[in-house]
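Asks: Before anything else, here's the structure in question.
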Amino acid sequence: MPFGARLAMADAGASSLSLLVAGPDGQQTSRWGNACALAMSAGFPGAPAVICDAEGGLDGVTGANRLDALVMPDGRTAAILPGAALIAWMTGDSRVHFDPTRWVPVMAGTNSGVLVARFGKTAPSLPALRAFAPLRLAADRPESNDLAALLALQRLGVAVAPVFGLRGTDAKTRAYVAGEVDAVFLCGEGVPEDIAPLTANAGVPAFSLGQMDDAGNVGIDPLFPLVPDVAAFASGTVLDAAYQAAAAAARLDFFMVLPKLTDPGAVAAWRQAAAAAAADPAVMAAASASSVNLKDSAGAAAELLALDISAPDQAGVQAYLSSNFGWHPG
């Protein structure tokens with residue numbers, strides 16, 4: 001059923017609410033949307049049905065555009081999106097017609113991001129990373145979660161030669177095992193399991209993106225307590241704001257928001273329902289199995305605040321990609 005018709009049904013029935021899912025039906029964001037919608041229902045007064053409506057592709061851009069263009073801030077519709085939509089916004093994708101810095105956060109799920117390099121018996125260190133000169137990094141595209149790794153390495157002064165076109169963990173792992181690349185940036189669900197074939201082939205975690213607390217401070221990722229986050233590994237000031245934004249986007253497995261100008265009472269109701277969903281045993285089990293950390297509205301807000309970068313910072317990351325990799329906004 002078209003989104004407009006679903007929304008009309010939700011508006012017509014006081015017992016129903018809508019959750020716009022920015023992604024294809026049955027895929028990762030959709031699965032989280034279905035799980036959250038079911039668990040959130042009991043958290044609203046009267047336990048209304050929360051109707052999911054999947055829209056657009058995997059990167060969430062189409063769904064995000066719909067959120068800004070078509071969803072009224074009447075408190076009846078929220079949206080759940082993947083972090084990939086934020087990468088598209090950062091890199092100036094021509095399809096983007098939304099502003100994530102104005103959305104009202106409800107909840108989020110964050111994942112880990114870890115750079116694994118072929119150190120062998122050498123202890124991971126900044127000099128060891130620089131010694132690759134350059135570091136051949138398995139990567140999908142500049143405008144993907146690999147952007148966080150590229151900017152992290154840039155801040156650390158590590159020369160990098162990305163091998164683009166490797167989409168997905170399996171493709172990157174095959175390239176690493178074949179000796180075609182020196183390092184892989186693992187990000188998303190199930191990172192602890194994905195590291196195993198790399199460590200079996202002389203791979204050692206160099207640094208992680210860390211995890212952000214509700215105050216916006218980034219520290220050690222609890223899933224990788226012995227792996228330093230980028231800031232602890234070495235300090236850097238080059239493209240710092242852009243890196244922080246890209247890291248937040250890469251960490252966000254999914255996030256739920258309301259449109260700008262939504263009534264505070266409606267915001268409070270959605271956040272209360274989201275808190276109930278995060279405590280639901282089925283949702284907690286799914287998060288644990290996927291190595292996803294569930295966050296309430298404060299945690300989601302802290303991550304999204306990192307995206308509120310200046311126009312010069314946003315232009316700076318695009319200039320970096322253009323000058324170093326011949327990239328141009330799509």
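Asks: Could you grab the relative contact order for the chain? Cα pairs under 8 Å, six or more apart, rounded to a whole percent.
Replies: The normalised contact order for the chain reaches 25 percent.
Asks: May I ask you to sort 254, 44 by Cβ crowding, counting other Cβ atoms within 10 Å and putting the fewest first?
Replies: The most exposed by this proxy come first: 44, 254.
Asks: Starting from the amide H of residue 58, placed 1.01 Å from N in the peptide plane, find each other amide H under 5 Å away whose residue is 5 or more places distant or on another chain.
Replies: HN-HN under 5 Å from residue 58: empty list.
Asks: Shape call for the stretch 112-249 from the C-alpha gyration tensor, a ≥ b ≥ c root eigenvalues: rounded (a/c under 1.5), prolate (a/b greater than b/c) or oblate?
Replies: Taking the square roots of the gyration eigenvalues as a ≥ b ≥ c, the stretch 112-249 is rounded.
Asks: Hey, another quick one. FRET efficiency for residue 215 and residue 260, Cβ-Cβ distance as r, R0 = 22 Å, nearest 0.05?
Replies: 0.40
Asks: Please rank 36, 52, 187, fewest neighbouring Cβ atoms within 10 Å first, as an exposure proxy.
Replies: Ranked by crowding around the Cβ, least crowded first: 52, 187, 36.
Asks: Please name whichever of 239, 149, 176 sits farthest to the positive end of the charge dipole of the stretch 112-249, dipole taken about the Cα centre and charges placed at Cβ: Lys and Arg +1, Asp and Glu -1.
Replies: Result: 176, furthest along the dipole toward the positive end.
Asks: What ³J(HN,Hα) values, in whole Hz, does the Karplus curve 6.51 cos²θ - 1.76 cosθ + 1.60 give for the stretch 49-56 when θ = phi - 60°, with x put for Gly and Pro?
Replies: 5, 10, 8, 8, 9, 7, 9, x
Asks: Roughly how far apart, in whole Å, are the Cα centres of the stretch 23-95 and the stretch 261-323?
Replies: Here the two parts' Cα centres lie 12 Å apart.
Asks: How far apart, in nm, are two points set 7 Å out from the Cα along the Cα-to-Cβ line at residue 196 and at residue 28?
Replies: Placing both labels 7 Å beyond Cα along the Cβ direction yields 1.9 nm.
Asks: Any idea what the relative contact order of the stretch 48-160 is, in percent, if you count C-alpha pairs under 8 Å spaced at least 6 apart?
Replies: Reported as a whole number, the value is 22 percent.
Asks: Counting other Cβ atoms within 10 Å, keep those with at most 16, restrict to DSSP loop, and tell me which trypsin sites (Lys or Arg not before Pro) in the stretch 40-145 are left.
Replies: 95, 121
Asks: Counting Lys and Arg as +1 and Asp and Glu as -1, each charge on the Cβ, what is the dipole of the stretch 112-249 about the Cα centre in debye, to the nearest 20?
Replies: 600
Asks: What distance in nm separates the two pseudo spin-label positions at residue 311 and residue 232, each 7 Å out from Cα along the beta-carbon direction?
Replies: According to this spin-label approximation, the distance is 3.9 nm.
Asks: What are the lysines whose alpha-carbon lies under 23 Å from the alpha-carbon of residue 172, with same-chain residues fewer than 8 places away excluded?
Replies: 121
Asks: Where does helix 240-251 land angle-wise versus the long Cα axis of the chain, in degrees 0 to 90, nearest 10?
Replies: 60
A short reminder: the numbers here are calculations on the coordinates, not readings from a lab. Source: prediction; values computed, not measured. In this analysis, Cβ positions are derived from the backbone assuming ideal geometry, glycine residues included, and neighbour counts consider all displayed protein chains.
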